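Step one of this worksheet: look at the structure below.
The values are calculated or read from the model by the stated rules, or taken from the named source; none is laboratory data. In this text the structure is predicted, and so the values were computed from the model without any measurement. So basically every Cβ, Gly included, is an ideal-geometry build from the backbone, and we count neighbours across all protein chains shown.
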Amino acid sequence: MTTRKGKVSKAKVAKALVKPMSSARTVLDAAAAEINDRRGSQVPSRDATVMPIEPRDIPMLFPTFYEDRLQTAGKPVTETNIAAVAGLTSANIALNAHRWLEIVGTPEVRRQWEREFFSSDGDLTAMARRPDRMIDFLWNVSARLHPGLWDLVEKMKDTITSAAERFGPELPIDMWTEGDD
């Protein structure tokens, strides 16, 4: 095996093959780690934290997306109504994220998700911004999630409209749990 700076010894590759690995790491990961060690690289592991892959190309949801959805549903654009549809959006993102992170996430990424999003937000503005934070997080986990995130945002347009139609002008903050008979 060769790199731009030279060869990785057969002994080191063989050692990587028999070395017990704590997770589903491949020989290539071991070889890459060896190369980085030889270069003195301090590149953080993708397991350690969620690192940006590429800039997010899904437009920010807050506030325009929510305002448009409320207007389409014939509801007044208020801080509470924006927080309510953002809460519905957060719930849908969280349901999908659970499934997605089981497929593409590492245990550390799943723990990071839980630390970041398993607590309630303190105010309406924080609630309204949560879905964008969730999308940013998932966007940076894996490019494999990008199409699913785009689809989710598109589907949320109809989901928000139909859910909002079940209520009067003031939407309940936890509208994803109410109105189901």
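Pull up segment 69-103, narrow it to residues that are under 16 Å from the mean Cα position of the chain (by Cα) and of a type in the set (Gly, Ala, Ser), then point me to the one that is nearest to Val141 (Cα to Cα).
My answer is Ala97.
Taking segment 97-122, which residues are assigned to a helix (DSSP H, G or I) and in contact with a Lys or Arg (Cβ under 7 Å, 6 or more places away or on another chain)? Walk me through it before giving the result.
If we filter segment 97-122 for residues that are assigned to a helix (DSSP H, G or I), which is where we start, we get 97-104, 107-117.
Leu101, Val104, listed by residue number.
Among the residues of segment 142-181, what is the count of those that are modelled with pLDDT under 95 and crowded, with 19+ Cβ neighbours inside 10 Å?
2
Out of Thr106, Thr125, Thr78, report the one residue that is surrounded by fewer than 18 Cβ atoms within 10 Å (Cβ to Cβ) and under 23 Å from Arg166 (Cα atoms).
Values: Thr106 fails: under 23 Å from Arg166 (Cα atoms); Thr125 fails: under 23 Å from Arg166 (Cα atoms).
Selected residue: Thr78, the only one of Thr106, Thr125, Thr78 that is surrounded by fewer than 18 Cβ atoms within 10 Å (Cβ to Cβ) and under 23 Å from Arg166 (Cα atoms).
Could you say which residue among Phe137, Phe167 is part of a loop (DSSP other than H, G, I, E, B), in contact (Cβ under 8 Å) with a residue 12 or more places away in the chain and out of contact with any Ser or Thr (no Cβ under 9 Å at 6 or more places or on another chain)?
Working: Phe137 fails: part of a loop (DSSP other than H, G, I, E, B).
When all the criteria are applied, what remains is Phe167.
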